[in-house]
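K.L.:
Submitted below is the structure of interest, expressed as structure tokens.
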Amino acid sequence: MKLKFVISILIIIVVQGFSTFLRAGGDIKYRVADIPKALLKDAKAVVRNEDIMVEIKSNGKLVQSVKYAITILNKNGEGNGYFQHSYDKNRKVSGIKAQLYDESGKEFKKKGGFETLDYAMISSGSIYDDNRIKAINPEQYEYPYTIEYTYDVTYSGVLQY
């Protein structure tokens, strides 16, 4: 009786360990097949995830951490995959990262801060303005794909929340 119990426990441990090993083997996120069919009808893009966390660092300063993912289904949805965020002397954007996933949900390309574009909001050379934009163009032309962005926005001089 004790032997059967011990063997049963060992089998359960081996099966659970093996299934954990299989899940950890590949970082599969955002499979297109997991999107409900009702959302795909006539869609160009589907938002897969959006997490926003706000942390008050001190009186007058807070940090907003954002993580969101969007699946671009076809060429018409390409504009939805671009990242753009404005900033100025009271609002700083940092830690911008982008990760691309293929149709099966496997990560295939990462973009970091070194590939982030930074340009003035006003294109005219005659007017000076502190407002700027940080942007990323994923430059991916094989559809569908999913892009996940993470970034932080630090606000200073905040008087009320």
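The values are calculated or read from the model by the stated rules, or taken from the named source; none is laboratory data. On a predicted model such as this, the values are computed, not experimentally measured, just so you know. Neighbour counts run over all protein chains shown; Cβ positions are idealised from the backbone, glycine included. Ligands, DNA and RNA are stripped out before the accessible areas are found, and what is left, the full protein with its side chains, is counted by its heavy atoms. Shrake-Rupley method; radii C 1.70, N 1.55, O 1.52, S 1.80 Å.
K.L.:
Can you go through I96, I52, I56 and tell me which one is open to solvent by less than 20 Å² (accessible area, probe 1.4 Å) and aliphatic (A, V, I, L, M)?
P.N.:
Only one candidate qualifies: I96.
K.L.:
Can E78 be described as within 19 Å of Y149 (Cα to Cα), open to solvent by less than 90 Å² (accessible area, probe 1.4 Å) and not in a loop (DSSP other than H, G, I, E, B)?
P.N.:
The answer is yes for E78.
K.L.:
Output yes when any residue across the stretch 15-30 is open to solvent by 40 Å² or more (accessible area, probe 1.4 Å), outside any helix (DSSP H, G or I) and at pLDDT 90 or above, and no when none is.
P.N.:
The answer is no, given that none of the residues of the stretch 15-30 is open to solvent by 40 Å² or more (accessible area, probe 1.4 Å), outside any helix (DSSP H, G or I) and at pLDDT 90 or above.
K.L.:
Just one of the numbered conditions (1) without any contact (Cβ under 8 Å) to a residue 24 or more places away in the chain; (2) not in a strand (DSSP E or B) is not true of E103; which one?
P.N.:
Checking E103 against (1) without any contact (Cβ under 8 Å) to a residue 24 or more places away in the chain; (2) not in a strand (DSSP E or B), the one that fails is (1).
K.L.:
Still on this structure, I have one more. Taking L62 and the conditions (1) open to solvent by less than 30 Å² (accessible area, probe 1.4 Å); (2) of a type outside the set (D, E, K, R); (3) within 26 Å of K29 (Cα to Cα); (4) at pLDDT below 95, which numbered condition does it fall short on, given that it satisfies the others?
P.N.:
Unmet for L62, out of (1) open to solvent by less than 30 Å² (accessible area, probe 1.4 Å); (2) of a type outside the set (D, E, K, R); (3) within 26 Å of K29 (Cα to Cα); (4) at pLDDT below 95: (3).
K.L.:
Right, here's the next one. I'm checking my understanding of the structure. Among residues of the stretch 66-75 that are of a type outside the set (F, W, Y) and touching a Phe, Trp or Tyr at 6+ places or on another chain (Cβ under 8 Å), which one is surrounded by the most Cβ atoms within 10 Å (Cβ to Cβ)?
P.N.:
Restricting to residues being of a type outside the set (F, W, Y) and touching a Phe, Trp or Tyr at 6+ places or on another chain (Cβ under 8 Å), the top hit is T71.
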